[in-house]
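Shown next, in structure tokens, is the structure this report addresses.
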Amino acid sequence: MPLTGKRIAVLTEDMFNEFELIYPYYRLQEAGAAVTVVGSGGGITYHAKSGLSFVSDKGSGEVSANDFDGLVIPGGYAPDHMRRHKATVALVREIFGQGKPVGTICHAGWMLASAGVLQGKRCTSFFAIKDDMVHAGAQWEDAEVVVDGNLITSRAPDDLPAFMKAYIAAFA
């Protein structure tokens, strides 16, 4: 399995997109990764836009970038809640800074903007946050997946199969 022995964090907060959390969560496990769901607090039940819920394993203040080999940030409106927590933003910045694969889907680009890691990077996102990405210094593209170094980005749930193929390939 391509991710055996790898530890991947998946971020969550209220209003996450259920497809963008659950599909990567199980796909990463299927590929052999140990997946830790990280919210602003550990052991908290977070709710998707649909009402589905997911419990975080750890809080962002309880973990460090050294605990993980990669990071996936689902979209929905959760990233707007995530970026209100300094420890969560710092975790994204540090994992990215260590050159580990960071994958974002849909509105998760807000976290990249808040972490200050987009300057000069090629990326995509849900079209509604294109301006936010560009203002943060990104070179935005309308594509199902864009890979620029350790940054893997996609637009929406329909792009999840291509996103996960590219994310897992980033570990090769």
Residue pairs within 6 Å by beta carbon, gap of at least six or interchain, first lying in region 130-151 and within 18 Å of GLU20 (Cα to Cα), second at pLDDT 95 or above and surrounded by fewer than 18 Cβ atoms within 10 Å (Cβ to Cβ), listed first then second, are GLU144/ALA162; VAL145/ALA162; VAL146/ARG122
Going by what's in this entry, would ASP132 be described as farther than 22 Å from LYS6 by Cα, acidic (Asp, Glu) and modelled with pLDDT of 95 or more?
yes
Answer yes or no as to whether ALA78 is closer than 21 Å to THR153 by Cα, among the hydrophobic types (A, V, I, L, M, F, W, C) and surrounded by fewer than 18 Cβ atoms within 10 Å (Cβ to Cβ).
no
Note on GLN98: of the conditions (1) in contact with a helix residue (DSSP H, G or I) (Cβ under 8 Å, 6 or more places away or on another chain); (2) in contact (Cβ under 8 Å) with a residue 40 or more places away in the chain, unmet is (2)
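In region 53-62, is there at least one residue being touching a helix residue (DSSP H, G or I) at 6+ places or on another chain (Cβ under 7 Å), in contact (Cβ under 8 Å) with a residue 12 or more places away in the chain and either acidic (Asp, Glu) or surrounded by fewer than 16 Cβ atoms within 10 Å (Cβ to Cβ) (or both)? Give the derivation first.
Step one: of region 53-62, the residues touching a helix residue (DSSP H, G or I) at 6+ places or on another chain (Cβ under 7 Å) are 54, 60-61.
Still in the running and in contact (Cβ under 8 Å) with a residue 12 or more places away in the chain: 54, 60-61.
Filter once more, keeping what is either acidic (Asp, Glu) or surrounded by fewer than 16 Cβ atoms within 10 Å (Cβ to Cβ) (or both): none.
For region 53-62, residues touching a helix residue (DSSP H, G or I) at 6+ places or on another chain (Cβ under 7 Å), in contact (Cβ under 8 Å) with a residue 12 or more places away in the chain and either acidic (Asp, Glu) or surrounded by fewer than 16 Cβ atoms within 10 Å (Cβ to Cβ) (or both): absent.
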Restricted to region 6-46 and to residues being assigned to a strand (DSSP E or B) and out of contact with any Lys or Arg (no Cβ under 9 Å at 6 or more places or on another chain), the residue surrounded by the fewest Cβ atoms within 10 Å (Cβ to Cβ) is THR45
When (1) over 16 Å from the mean Cα position of the chain (by Cα); (2) in a strand (DSSP E or B) are applied to LEU3, the one that fails is (2)
Reported set for region 123-172 where residues are in contact with a Leu (Cβ under 8 Å, 6 or more places away or on another chain), surrounded by fewer than 22 Cβ atoms within 10 Å (Cβ to Cβ) and under 15 Å from GLY70 (Cβ atoms) is LEU151, PHE171
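The values are calculated or read from the model by the stated rules, or taken from the named source; none is laboratory data. Predicted model, so just to flag it, every value in this text is computed and none were measured. Backbone-built Cβ (ideal geometry, glycine too); neighbour counts: all protein chains shown.
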